[in-house]
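A short write-up of the structure that comes next.
The values are calculated or read from the model by the stated rules, or taken from the named source; none is laboratory data. Quantities reported herein were computed from a predicted structural model and do not represent experimental measurements. Cβ sites come from the backbone with ideal geometry, for glycine too, and all protein chains shown count toward neighbours.
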Amino acid sequence: MSSDRTPDLSKWLLLLPLAYLLHLAEEWWGGEGFVAWTLRALGRPVSETRFLVLNAIVWPLFCALTLLAFRKRSMAWFPTTFGTVILINAGLHVLGTMVSGSYSPGLVTAAFLYLPLGGLAMRSGRRGLSESAFGWAVLLGVVIHAVVAVIAFS
């Protein structure tokens, strides 16, 4: 990251962990629940235990890293990474709903929280990070989402 470009780490970025928590609640309690939906709609189950353990690790970690991004300039890339993860997740919820013809639990928070907040995080990172730092932050978000998906569905 260049010294003259700093992402706008506005207070709205603190909504990222809250949006994630609300999204998890919708995935757990929305419709038939994400665990049951993945088995029915995708033919690939995500076990309840795996869903709970993954999110019990990732949510607090993302909360801590988001807060750290406000305190340490060297962590200013993290909201872009978080934004990438949630934008991918939102896209997959929309795609899953369209392909299955059924409500993918998590779709509402994905559409109304993840898409706008993820977009704002990306815009902030694009404006404030160097091209290289922005690219690496996005790539890390893609890798994180891929790793979590592999773990969830394995």
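Count of segment 31-64 residues, restricted to those that are among the β-branched types (Val, Ile, Thr) and either surrounded by 14 or more Cβ atoms within 10 Å (Cβ to Cβ) or under 28 Å from GLY101 (Cβ atoms) (or both), is 4. For segment 108-154, a tally of residues being in contact with an Asp or Glu (Cβ under 9 Å, 6 or more places away or on another chain) and under 19 Å from ALA41 (Cβ atoms) returns 3.
Of all residues in segment 122-134, those that are under 13 Å from THR84 (Cβ atoms) have Cβ atoms under 8 Å from Cβ atoms of residues that are surrounded by fewer than 21 Cβ atoms within 10 Å (Cβ to Cβ) and among the polar types (S, T, N, Q), 6 or more apart or on another chain, in SER124/SER10. Under the condition of being aliphatic (A, V, I, L, M) and within 19 Å of GLY119 (Cα to Cα), the residues counted in segment 35-66 number 1. Scanning segment 122-154 for residues that are within 15 Å of GLY91 (Cβ to Cβ) and more than 11 Å from the chain's Cα centre (by Cα) yields MET122, VAL138, ALA146, ALA149.
Tallying residues that are surrounded by fewer than 16 Cβ atoms within 10 Å (Cβ to Cβ) and either at pLDDT 95 or above or not in a helix (DSSP H, G or I) (or both) within segment 1-30 yields 11.
In this structure, LEU67 does not satisfy being surrounded by fewer than 21 Cβ atoms within 10 Å (Cβ to Cβ), of a type in the set (A, V, I, L, M, F, W, C), farther than 16 Å from LEU14 by Cα and modelled with pLDDT under 95. Taking segment 35-139 as the region of interest, the helices (runs of 4 or more DSSP H) fully inside it that hold 2 or more residues being of a type in the set (D, E, K, R) and over 20 Å from LEU16 (Cα atoms) are 48-71. Summed over segment 74-87, residues that are without any contact (Cβ under 8 Å) to a residue 60 or more places away in the chain and in contact with a Gly (Cβ under 7 Å, 6 or more places away or on another chain) total 1. Annotation note: Cβ proximity below 6 Å between a residue of segment 92-103 that is of a type outside the set (Gly, Ala, Ser) and a residue that is surrounded by 15 or more Cβ atoms within 10 Å (Cβ to Cβ) and part of a helix (DSSP H, G or I) (sequence gap 6+ or interchain) occurs for HIS93/LEU107; HIS93/ALA110; THR97/LEU107.
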